[in-house]
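The values are calculated or read from the model by the stated rules, or taken from the named source; none is laboratory data. This is a predicted model, so every value here is computed, not measured. Every residue, glycine as well, gets a Cβ built from its backbone with ideal geometry; the counts of neighbours run over all protein chains shown.
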Amino acid sequence: MARRIAWRVSAEDQDRRLDSALANRADWLSRSAAQNAIRNGLVRVNGKVETRPSAQLAVEDDVESFLADPVEPGQLPVAADIPVEVIYQDDHLLVVDKPRGIAVHPGPGHTDDTLINGLLHRFPGIAEVGDPERPGVVHRLDLDTSGLLIFALTPEAYAELGKAMRARAIKRTYTALVHGQVEPADGTVDAPIGRDPTNRTRQAIIESGREARTHYRTVQQLPNATLLEVELETGRMHQIRVHLNAIGFPVLGDMTYGRSRNVPGLDRQFLHASRLRFVHPVTGEQMTHESPLSADLQQVLDHLRNE
């Protein structure tokens, strides 16, 4: 259930950040959860959606939000013996190779079968890192997107990796197979993304959305399809899928933003987080991790190459 939180800003909250004021009003909400609610378009200031957690409030501003009910302690993620492929770990962080079909953290429809449930089983200390509803989570992937993710194991690493994400210093590269012959072969999509006003389960390019930039490079032209290397400059929900669809080249298998095409063996969007580059938050070492295409996507790609 959603709970309405609304107030008129008084002198007490003047010049306060929106995320701080919201977390103060909704006392069950963590600061990071308040930031997520704002970025997801769930907060309005003076009747307009405000997606900047750092927005400064002024006296007489009207703030309104519809937030999920408080999470009871028994609803927090629990440990479960779920296999997790950890390709790198040290005392501060993990790099995980996520398979398709598994959620990163609990949410509607997925309460105890996520990566976080599996990580709590192997690394119980992660429960104390970051947002208790999604402990250790630095960034996310969609349910049916496979590939690389970073998780923090200490509060210090979590804070530093969060700063790196906000500074766009964590470079995330994806492999995508899209409909059509992409032209120009290389390019950038620069268009703001926000929640679709006509369908709240989707994202869309809208003027009031948050800035979003996606860089792409053609790797191979195939019959009626193009294999791309895609790099995120920003990290909005469904960004790659929304941007590529907007320029006329939707991701193959994407039934939310794309179009149907019968490709043998493909029952999800052809999108894989293939490379991560970042500076280690404690040692300062330059880190690069790569993940080959998962078997189902490689099989689809081989089939198209042989057509």
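Just to verify a result, which residue in region 209-221, among those that are modelled with pLDDT of 95 or more and surrounded by fewer than 21 Cβ atoms within 10 Å (Cβ to Cβ), is farthest from residue 177 (Cα to Cα)?
213
Conditions tested, residue by residue: (1) of a type in the set (A, V, I, L, M); (2) in contact with a helix residue (DSSP H, G or I) (Cβ under 8 Å, 6 or more places away or on another chain); (3) without any contact (Cβ under 8 Å) to a residue 12 or more places away in the chain; (4) assigned by TED's automatic domain parsing to the domain that holds residue 199.
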residue: 8; (1), (2), (3), (4): no, no, no, no
residue: 14; (1), (2), (3), (4): no, no, no, no
residue: 17; (1), (2), (3), (4): no, no, no, no
residue: 23; (1), (2), (3), (4): yes, yes, yes, no
residue: 31; (1), (2), (3), (4): no, yes, no, no
residue: 40; (1), (2), (3), (4): no, no, no, no
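Return the only residue of 284, 265 being in a loop (DSSP other than H, G, I, E, B), surrounded by fewer than 17 Cβ atoms within 10 Å (Cβ to Cβ) and either at pLDDT 95 or above or in contact with a Gly (Cβ under 6 Å, 6 or more places away or on another chain) (or both).
Going through 284, 265 in turn, the sole match is 284.
Among strands (runs of 3 or more DSSP E) lying entirely in region 87-193, which contain 2 or more residues that are farther than 23 Å from residue 216 by Cβ and not assigned by TED's automatic domain parsing to the domain that holds residue 235?
93-98, 146-152
Quick one: would you say residue 214 is in the same structural domain as residue 175 (by TED's automatic domain parsing) and farther than 21 Å from residue 42 by Cα?
Against the criterion (in the same structural domain as residue 175 (by TED's automatic domain parsing) and farther than 21 Å from residue 42 by Cα), residue 214 qualifies.
Kindly establish whether residue 199 is assigned to a helix (DSSP H, G or I) and without any contact (Cβ under 8 Å) to a residue 40 or more places away in the chain.
Answer is no for this residue.
Looking only at region 147-160, how many residues end up being under 13 Å from residue 276 (Cα atoms) and in contact with a helix residue (DSSP H, G or I) (Cβ under 9 Å, 6 or more places away or on another chain)? So that I can check it myself, show each step before the final result.
Within region 147-160, the subset under 13 Å from residue 276 (Cα atoms) is 147-151.
From what is left, the residues that are in contact with a helix residue (DSSP H, G or I) (Cβ under 9 Å, 6 or more places away or on another chain) are 149-151.
Selection size over region 147-160: 3.
How many residues, within region 229-238, are under 18 Å from residue 37 (Cα atoms) and either in a strand (DSSP E or B) or among the hydrophobic types (A, V, I, L, M, F, W, C) (or both)?
Of the residues in region 229-238, 1 are under 18 Å from residue 37 (Cα atoms) and either in a strand (DSSP E or B) or among the hydrophobic types (A, V, I, L, M, F, W, C) (or both).
Condition first: assigned to a strand (DSSP E or B) and either hydrophobic (A, V, I, L, M, F, W, C) or over 30 Å from residue 38 (Cα atoms) (or both). Now tell me which residues in region 202-228 satisfy that.
Correct list: 204, 205, 217, 218, 219, 220, 221, 222, 225, 226, 227, 228.
Does residue 249 satisfy the criteria of being assigned to a strand (DSSP E or B), of a type outside the set (Ser, Thr, Tyr), more than 16 Å from the chain's Cα centre (by Cα) and crowded, with 18+ Cβ neighbours inside 10 Å?
no
Could you please let me know if residue 30 is modelled with pLDDT under 90 and either exposed (fewer than 14 other Cβ atoms within 10 Å of the Cβ) or under 26 Å from residue 206 (Cα atoms) (or both)? Full working, then the answer.
Working: modelled with pLDDT under 90: yes; either exposed (fewer than 14 other Cβ atoms within 10 Å of the Cβ) or under 26 Å from residue 206 (Cα atoms) (or both): no.
When the stated conditions are applied, residue 30 does not pass them.
One line per residue, one yes/no per condition, for (1) more than 22 Å from residue 271 (Cα to Cα); (2) touching a Lys or Arg at 6+ places or on another chain (Cβ under 8 Å):
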residue: 62; (1), (2): yes, yes
residue: 75; (1), (2): yes, no
residue: 83; (1), (2): no, no
residue: 87; (1), (2): no, no
residue: 93; (1), (2): yes, no
residue: 105; (1), (2): no, yes
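Of 127, 157, which residue is of a type in the set (Gly, Ala, Ser) and surrounded by fewer than 18 Cβ atoms within 10 Å (Cβ to Cβ)?
None of the others qualify; the one that does is 127.
Checking residue 81 against (1) part of a helix (DSSP H, G or I); (2) closer than 30 Å to residue 174 by Cα; (3) over 22 Å from the mean Cα position of the chain (by Cα), only one condition comes out false. Which one?
(1)
Condition check ((1) within 26 Å of residue 151 (Cβ to Cβ); (2) touching a Cys at 6+ places or on another chain (Cβ under 8 Å); (3) crowded, with 17+ Cβ neighbours inside 10 Å) across all residues:
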| site | (1), (2), (3) |
| --- | --- |
| 3 | no, no, no |
| 38 | yes, no, yes |
| 46 | no, no, no |
| 62 | no, no, no |
| 99 | yes, no, no |
| 115 | yes, no, yes |
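Please state which of the following conditions residue 234 fails to meet, knowing it meets all the rest: (1) among the polar types (S, T, N, Q); (2) surrounded by 19 or more Cβ atoms within 10 Å (Cβ to Cβ); (3) closer than 26 Å to residue 196 by Cβ.
That leaves (2) as the condition not met.
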